[in-house]
Each structure stands twice: as structure tokens, then as C-alpha cells.
Amino acid sequence: MVTINAIIDIAPQLARGLSVTVSVLLASAIFAYLMAFIAGLSRLSKNTFIRKFTGLYVEVFRGTSLIVQLFWLYYAIPMLFGIQLGSNWWIGVIAIGLNYGAYLSEVVRGSILSVAKGQTEAATALNMSSFQRMRLIIFPQAVRMMLPEFSNYTIQMLKGTSLVSLIGMTDILYYGDIIRSTNLSQAPLVYLLVLVFYFILALPLIWLTRKGETISKKGVAS
Amino acid sequence: MSEPIVKFQDVHKSFGDIKVLKGINLDIKPAEKVAVIGPSGSGKTTIIRMLMTLEEPTSGDIIVDSTNLWKMEKKGKMVKANEKHLRQVRGDIGMVFQHFNLFPHMTILENCMTAPIHVKKENKEEVRERAIQMLDRVGLGDKLNNYPSQLSGGQKQRVAMARALVMRPKIMLFDEVTSALDPELVGEVLEVIRDIAKHDDMAMVLVTHEMDFALDIADKVLFLDEGVIAEQGTASQVIEHSTNERLQGFLHRFRR
Ligand SMILES: Nc1ncnc2c1ncn2[C@@H]1O[C@H](COP(=O)(O)OP(=O)(O)O)[C@@H](O)[C@H]1O
Ligand SMILES: [Mg+2]
């Protein structure tokens, strides 16, 4: 069978891009989560400047496309300011992290705000400080509500990593493009295999999303 | 006569343009049990929420244990209390809410242990022992590791009481704690309050529509109407012998 042979031929080449895709995903996810909590909490700050400043970050990064942000960091900023932000791996991670961090910060903010007001009041009646109220009562409940959205966005982030091939990174899609350009007749098969690769990578994330939904249903609603 | 533990002095409260309380004067002695009755919207909840520091009075003074609750001295002037001042006074006061407000992510034992451990920095083992005792007392000693979502409304409300009592407040506030419950669960909750009222020596303020219950445990009953205390006295004076027409009309609706 020609197809089987072709698959055996193509799959290992695509697999060479796995480490880039996975490492960019992991690093940018961690960075995005970090940004999400920092920005999400900052938007609830009493300090107007902090609130407005993070608001600007969130709106700019949500309001423009990831690919443009990637090109800005990769091409425009080094030319304009003469600073190199790091290798293209780092630039990919920073762009994806900042972009999804902006989306996720809204999830963090919304979850914290949606914890019932009675919870804060009960904590106040027990004489907790505002920090204790956040740490012991509000935050743990908010995090449970965030879980499903966080895993949802992580799946999107996986898909977003494929953009790094545009700044010369050798991820799965990059190798797919290479194979196709040397052997045009196999384009359908190559891209089918690319799809399969991404889908297999997404499977654990899909499973986590389900898990997150169950946990978040259990943990709240008194 | 001992000094009052709580004093309201000409306390007013407005929400926007709506004047809810128009000059409340009130003394509560240590260990005194005060029942607050009155039509819906008359400001009963607002009174105890101001005492719990959940709502700030528009004017007037609330004195708790000789300290002004909402004001503090700064460079010889009385200014609005900051969070630190509020926390110092608030420790004397505990509250049970109409809708329980248990912490859903914690077991009922954890619900009762968190504040003493983190707020009062008490020894964890001592707190655990005291919390278990208290949960036993309210009849929930066999549910320590259950989550609130696994309990009935009456059980939740009893946990809420244990949670407040473990903090050993000098003043306990109850805001219509049975009105969110199915009728058949009201009795068990009132029974626990009765037990606390008879055996503990803290002051209690109870907003309630249970007139027989008020007659049984209250040393003093206030009838709140149109933003003022329209009538006050012993339970029997207010509930059984008052001639105030609006009060009689109100009572009539509750004792068919
Ligand atoms: N946070 C608030 N904002 C605006 N109006 C309020 C607020 N809380 C209470 N009120 C109003 O104040 C009045 C008294 O409320 P409340 O103290 O809850 O009465 P009660 O407990 O006696 O039923 C009501 O008219 C209510 O609508
Ligand atoms: Mg009320």
C-alpha cells in the first residue's frame, strides 16, 4: 500500500516538530496563566492607575490579532527600538502568553466577581482581613469556576502555537509545509496527518476540560 | 445596672434618597436578648448590618463595648474608621445570616475552624476540639466532614450558628434566620437558639417573625416602623399588651 508507506514516511518527519509545539505550548500556557492572575487581580485593584493600565493591556491584546502581535514582537520592535527580545522561541512564547493572558484575565476577573456577595459578608462577620477573605474564601471558589474556561483556552493556545512557524520556528506545521513543498501530490495526506497530530495533542486537554467541569460543579453552589 | 455593651445614638441611614432609619436610639446590656420585629422593609436588617460593619450609618454613633464603631480618633479629631479600627471592634460581634452563607468549598468542620485559626491565631488542635464540641451542641457531630451542599437548610443554619459561636463573640446577631427554611425545619433551628439564649451569657439581637419564640426568650422587644423604634419594652408589654395601632395591625397578620 502506497498510502501506508507514505504515512510511515511522513509521520516521523512531522514528529520532529513535536518538541517545538509542545514546549511553546507549555511555556506560553504558564506565562498566560501568570498574566491572567496578575492582570485579573489588578483590574479589581482599588488603585485607579493599576486598573486602567491593565485594562489597556487587556483591550489592546484582545482587540488585535495574535499573528499581528507576533509580527510586531518579531519584526517591528527590533527595528524601531533596536532591541532584540530574545530567540524566536521566546518571542512566540511571549506573544501567545500575552495574548491569551489577556483573555484569561477576564475569566479570572469574572469568576472572582461572581462569587456571591454573601461569602464576603460572612467572612467579614468572622472578622477576616480583606487579604484573608480573598485567599481563604473568594479565591478558592473562583478558581473552581475558572477551570473549564482555562482548559478551553489552553486548547485554543495549542492551535495558536502553529503560528510560530511564520516566524521561522520548526514546529509541526513547519515540517508539514516543508514536506508538502517538496512533494506537492501528497499535500492532502500531509495536512491530514498534521490534523491528527494536533488532535492527539489536544486529547489530554479535552479530557482535562471535562474533569475541570466536574470539579467546578462540585465545589461551588451551596 | 451594668454599662450597655451596644449603644445606638441617633443613628440615621439613607440609601440614596431613601431614608431608611430616622434616628435610632438603643441600649443593649451584656447578656441581654433583644428581639426586633417590624414590617418588611422597615430597616431591621439594616440595623444589624450596621452593627456588623457591613453597612455604614449615614449619621449618628454606634458604640460597642465603649468604643465608637464607625469613628476613630485621629490627631484629636473623630474621623471615619479605617479597616484596622473596624477589625478591632468587629471581633466582639458575630452574625448568622438569613441565607446561611456557609463556605461551600469547605467541610462543615473547616467552616467552623478557619476563622479562629486564621483570624484569632489560635492553636489548631484546640480549635478543632472546640469546633467539634460546638457542632455536637447544634446536633451535627456526625456530619463533620460533609460539605454544606449535602445538608438540609436547617442543618446549614445550625452550622452557621456553630461557626459564629466558635469565635466566642460578646454579641450575636440573627437576621431572620428561619425565614429561608421549610416550615418543618424551623423548629430545630429555634431550639438551638433557645439553648444558646438560655445558657450563654452573650448579648443577642434577633430579627424575627416568630412571636411566640420572642415571647419565650427575649428580655426586650423593639417594634421598628417607618424608620424609628415605634415601641419598646418587655416581650409581654410589646407583643401582648401594646395599644399601638400599627403594632397591633402588624401582630394581627402574624398571629392568626
Ligand atoms: N443596599 C441597599 N441599597 C438600597 N436600598 C436598600 C439597601 N439595603 C436596604 N435597602 C432598602 O432599605 C429598606 C430597609 O431594608 P431592610 O433593612 O432590609 O428591611 P427589613 O430587614 O426590615 O425588611 C428597604 O426599603 C430596602 O429596599
Ligand atoms: Mg430583613
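Points worth noting:
- Cβ pairs under 7 Å, 6+ apart, first in region B:196-208 and assigned by TED's automatic domain parsing to the domain that holds B:K44, second within 16 Å of ligand 2 (Cβ to nearest atom) and among the hydroxyl-bearing types (S, T, Y): B:V207/B:T45
- Of everything listed in (1) open to solvent by less than 10 Å² (accessible area, probe 1.4 Å); (2) within 14 Å of chain A (Cβ to nearest Cβ), the single unmet condition for B:R49 is (1).
- Number of residues in region B:27-36 that are at pLDDT 95 or above and either of a type in the set (A, V, I, L, M, F, W, C) or within 6 Å of ligand 1 (Cβ to nearest atom) (or both): the value is 4.
- Of the criteria (1) within 14 Å of another protein chain (Cβ to nearest Cβ); (2) free of Cβ contacts under 8 Å to residues at least 40 places away in the same chain; (3) open to solvent by less than 20 Å² (accessible area, probe 1.4 Å), which one B:I117 fails: (3)
- Criterion (surrounded by fewer than 21 Cβ atoms within 10 Å (Cβ to Cβ) and away from ligand 2 (no atom under 16 Å from the Cβ)) met by exactly one of B:G91, B:G41: B:G91
- Among (1) open to solvent by less than 30 Å² (accessible area, probe 1.4 Å); (2) over 15 Å from the mean Cα position of the chain (by Cα); (3) modelled with pLDDT of 95 or more, the one test that A:A39 misses: (2)
- Filtering region B:224-256 to residues that are out of contact with any Lys or Arg (no Cβ under 8 Å at 6 or more places or on another chain) and either aromatic (F, W, Y) or closer than 18 Å to B:K22 by Cβ (or both) leaves B:I229, B:E231, B:N244, B:R246, B:L247, B:F250, B:F254.
Listed here are the residues, each with its yes/no results for (1) free of Cβ contacts under 8 Å to residues at least 12 places away in the same chain; (2) among the hydroxyl-bearing types (S, T, Y).
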residue: A:T170; (1), (2): no, yes
residue: A:D177; (1), (2): no, no
residue: A:R180; (1), (2): yes, no
residue: A:L189; (1), (2): no, no
residue: A:F197; (1), (2): no, no
residue: A:W207; (1), (2): yes, no
residue: A:S216; (1), (2): no, yes
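- Within region B:177-195, at least one residue is assigned by TED's automatic domain parsing to the domain that holds B:T46, open to solvent by 40 Å² or more (accessible area, probe 1.4 Å) and within 15 Å of ligand 1 (Cβ to nearest atom).
Residues checked against (1) within 11 Å of another protein chain (Cβ to nearest Cβ); (2) more than 21 Å from A:P140 (Cβ to Cβ); (3) without any contact (Cβ under 8 Å) to a residue 24 or more places away in the chain:
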position	(1), (2), (3)
B:V89	yes, yes, no
B:M95	yes, yes, no
B:F100	yes, no, no
B:E110	yes, no, yes
B:A131	no, no, no
B:M134	no, yes, no
B:D142	no, yes, yes
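- Selection within region B:52-69 - within 14 Å of chain A (Cβ to nearest Cβ) and either free of Cβ contacts under 8 Å to residues at least 40 places away in the same chain or within 16 Å of ligand 1 (Cβ to nearest atom) (or both): B:M52, B:T53, B:L54, B:E55, B:E56, B:L69
- Those helices (runs of 4 or more DSSP H) of region A:79-192 in which at least 1 residues are open to solvent by 50 Å² or more (accessible area, probe 1.4 Å), within 14 Å of chain B (Cβ to nearest Cβ) and under 28 Å from A:I206 (Cβ atoms), considering only elements entirely within it, cover A:88-114, A:139-160.
- Test result for A:T64, farther than 30 Å from B:M113 by Cα and without any contact (Cβ under 8 Å) to a residue 60 or more places away in the chain: yes
The values are calculated or read from the model by the stated rules, or taken from the named source; none is laboratory data. None of the values given here were measured: they were computed from a predicted structure. Backbone-built Cβ (ideal geometry, glycine too); neighbour counts: all protein chains shown. Side chains are part of the model used for accessible areas, which takes the heavy atoms of the whole protein and leaves out ligands, DNA and RNA. Shrake-Rupley method; radii C 1.70, N 1.55, O 1.52, S 1.80 Å.
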